[in-house]
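Each value in this text was obtained by applying a stated rule to the coordinates, not by laboratory testing. All values derive from a computational prediction rather than experimental measurement. Methodologically, a virtual Cβ is constructed for each residue, glycine included, from the backbone with ideal geometry; neighbour enumeration extends over all protein chains shown.
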Amino acid sequence: MDWKTYQEEAERTTARLEPAILNNLHYTMGLATEVGELLDVFKKHIAYGKPIDWVNVQEECGDFLWYFFNFLRINGFDFEEILQKNIDKLYVRYPEKFDADKANNRDLLHERKILEE
C-alpha cells in the first residue's frame, strides 16, 4: 500500500474533535503514547527478560503511523516533501557522513534556510 492510500484509509477511522486544534493534540498525544508502548516492550525485555513480541512491535508501529499520517493530513503537510527536506537538512549537517563534532556544532541558520525553501 502506498502512503497516500494509507492516509485516505486511515482518515475513515478518525474522531472529529472541536475545536479543530484538539485534533492536533489528539494525534500528537497518540504519537507519544505509541512510542511509549514501543519503549515498554524493550524495557520489559531488558529489565525483566521478557521476550520481544515482534508482532506487537509491528502493531505499535502501525498505530504510530495512523496518528502520524492523520497529523500530516489535517495540517496539509506533504509526506514526500518532508522526507526530501529532512535529507536536504542532513546534507547540510553532514556533507559526507555522520560526524560527532558536526552533530554538536550545527549551522542551525543554514539548516533552517533549507527547511524554509
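What are the residues in the range 5-49 that are more than 20 Å from Glu60 (Cβ to Cβ) and touching a residue at least 60 places away in the same chain (Cβ under 8 Å), if any? The one that is more than 20 Å from Glu60 (Cβ to Cβ) and touching a residue at least 60 places away in the same chain (Cβ under 8 Å): Glu11.
For the range 12-34, the candidate set comprises residues that are of a type outside the set (Ser, Thr, Tyr) and within 10 Å of Tyr67 (Cβ to Cβ); within that set, the residue that is surrounded by the most Cβ atoms within 10 Å (Cβ to Cβ) is Glu34.
Listed by position, the helices (runs of 4 or more DSSP H) inside the range 1-95 whose residues that are touching a Phe, Trp or Tyr at 6+ places or on another chain (Cβ under 8 Å) number at least 3 are 3-11, 21-48, 54-75.
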